Structure formats: C-alpha cells, structure tokens
1. Do we have residue 27 as modelled with pLDDT of 90 or more, assigned by TED's automatic domain parsing to the domain that holds residue 114 and not in a loop (DSSP other than H, G, I, E, B) here?
2. Is there a residue being closer than 24 Å to residue 167 by Cβ, buried (at least 20 other Cβ atoms within 10 Å of the Cβ) and in contact (Cβ under 8 Å) with a residue 40 or more places away in the chain anywhere in region 28-37?
3. For region 175-184, enumerate the residues that are surrounded by 15 or more Cβ atoms within 10 Å (Cβ to Cβ) and under 20 Å from residue 140 (Cα atoms).
4. Within region 146-170, track down each residue that is buried (at least 22 other Cβ atoms within 10 Å of the Cβ) and within 13 Å of the chain's Cα centre (by Cα).
5. Determine the pairs where a residue that is within 15 Å of residue 3 (Cβ to Cβ), located within region 40-55, has a partner that is assigned to a helix (DSSP H, G or I) and at pLDDT 85 or above with Cβ atoms under 7 Å apart, the partner being 6 or more residues away or on another chain.
6. Any idea how many residues of region 194-223 are part of a strand (DSSP E or B) and either over 21 Å from the mean Cα position of the chain (by Cα) or in contact (Cβ under 8 Å) with a residue 60 or more places away in the chain (or both)?
7. Quick one: residue 72 ticks every box in (1) surrounded by fewer than 16 Cβ atoms within 10 Å (Cβ to Cβ); (2) closer than 23 Å to residue 35 by Cβ; (3) more than 15 Å from the chain's Cα centre (by Cα) except a single one, so which number is it?
8. All but one of (1) touching a residue at least 24 places away in the same chain (Cβ under 8 Å); (2) more than 16 Å from the chain's Cα centre (by Cα); (3) exposed (fewer than 13 other Cβ atoms within 10 Å of the Cβ) hold for residue 188; which doesn't?
C-alpha cells in the first residue's frame, strides 16, 4: 500500500478550470521541499532515477508530487496503478491509449489524464503570476509582435504570464502528436476572456494535419497568485 510522502499535502480531486473536458480527470496537491524525507520515494512506491537522486530537494519534491498526482488520476480514470516514467526528452511516458500532462511549480503540482477515445492530447501548465515590471522585461521573449500590439497595458503581468502558460500547454498537447518541437514565436494567443477562455493559433507547420493557421481553444484560472492553463485536443 503506497502512502503519501511527508512532503505532500492530501490530494485534491477537482476541476479548477472553467470548462470540464469530457472524460478527463485532474488531481493536484500542495508540496513542500523542506519536508522531503529520506524515505519519501519509498513510502510513495516510486523509484527515482539516478539523476533524480543526485538532484536538489526542490526537484525531487516536485517530481514526486507530480507523479503521485498522475498515478492518482489514472487510478480514478480506469483503476490502473501506474506511475509514468520519463522519455529521453523528459516528457512523461503514459500507458497505451492514455493522454496526459503533468505540471508543477512553487509548492503545487497537478496531473490531468484522459482516454484516447475521449481526447487526442492534453497540455497542462502552471505558472506564478509575473509582476508588471518583470512581465514588461520578458514580453519580447514570449510574445509575437502582433501579441505585443494587442497587449492590455493595464494587465501586463497577467497577459504575459497567460501567454507564456498557454503556449507551454499548447506545446505539451501537440508535441506527443506531431513529435515536432516549436517555440514561443511559433504560436500566438488571439484572444482571452475574463471567464477564463482563450483561443490560440499556430504560426508554423508541425505536420500535414497541424499547419500554420490551425486554431485551438484553451482555458485558464487564477488562484493565489498562480495561473493554471489547459489546452485539450
């Protein structure tokens, strides 16, 4: 029987976003690297890689929390007991017939999963909200010229954080489908609403199906200074 490690708070089975994705399950938890115990991986029934064992407590705790959320989400989805491994490109290894995504940031981790019959791809990303001054410094690295023109200067921190997060979620959703890497300049956020809905467009060709001009829907929520975004295909 796997037990919750000392560094993790109780799991939350919830949907903290505006619109449910049919068939998808999301699990999250808070975690504190300062509480990471030497036997936390063993208690959780998760085997760390050699490189992870050599990493700092923060990296170990966020990996552990993310994998615990992923396992719990899979258990709720179809009853299986499975911990995603890691590909050489650092993306999670999901079971056949399952799509999923893991995210972790400062003190919080989450995972979302769905059966292939319900969803073709999922991308989940969490970011701490940038303050306006830092967002202004970073906007040239994250936003396209068209996005900068559309930028709401009254909410620079939110807009830049949201654009960053949605593009991360878009990459996580499409990379397993196309196996093509792309970067911030290869997609744009066309619009977003106060209700937490957004629309994105590809600015590059990734495959015969996913070409320049393809549009996808995204969604997001903001809680306690953190932004969570999701793109589902």
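The values are calculated or read from the model by the stated rules, or taken from the named source; none is laboratory data. Just so we're clear, the structure is a prediction, and the values are computed from it rather than from any experiment. Neighbour counts are summed over all protein chains in view; Cβ atoms, including those assigned to glycine, are modelled from backbone coordinates with ideal geometry.
1. Working: modelled with pLDDT of 90 or more: yes; assigned by TED's automatic domain parsing to the domain that holds residue 114: yes; not in a loop (DSSP other than H, G, I, E, B): yes.
Yes; evaluated as a whole, the condition is true for this residue.
2. Of the residues in region 28-37, the ones closer than 24 Å to residue 167 by Cβ are 28.
Subset that is buried (at least 20 other Cβ atoms within 10 Å of the Cβ): 28.
Subsequent filtering for residues that are in contact (Cβ under 8 Å) with a residue 40 or more places away in the chain retains 28.
Checked region 28-37: at least one residue is closer than 24 Å to residue 167 by Cβ, buried (at least 20 other Cβ atoms within 10 Å of the Cβ) and in contact (Cβ under 8 Å) with a residue 40 or more places away in the chain.
3. Correct list: 182, 184.
4. Residues of region 146-170 buried (at least 22 other Cβ atoms within 10 Å of the Cβ): 159-167, 169-170.
Across region 146-170, the qualifying residues are 162, 164, 165, 166, 167, 169, 170.
5. Correct list of pairs: 40/64; 41/64; 44/64; 44/68; 46/64; 46/67.
6. 6
7. (1)
8. Of (1) touching a residue at least 24 places away in the same chain (Cβ under 8 Å); (2) more than 16 Å from the chain's Cα centre (by Cα); (3) exposed (fewer than 13 other Cβ atoms within 10 Å of the Cβ), only one is false for residue 188: (3).
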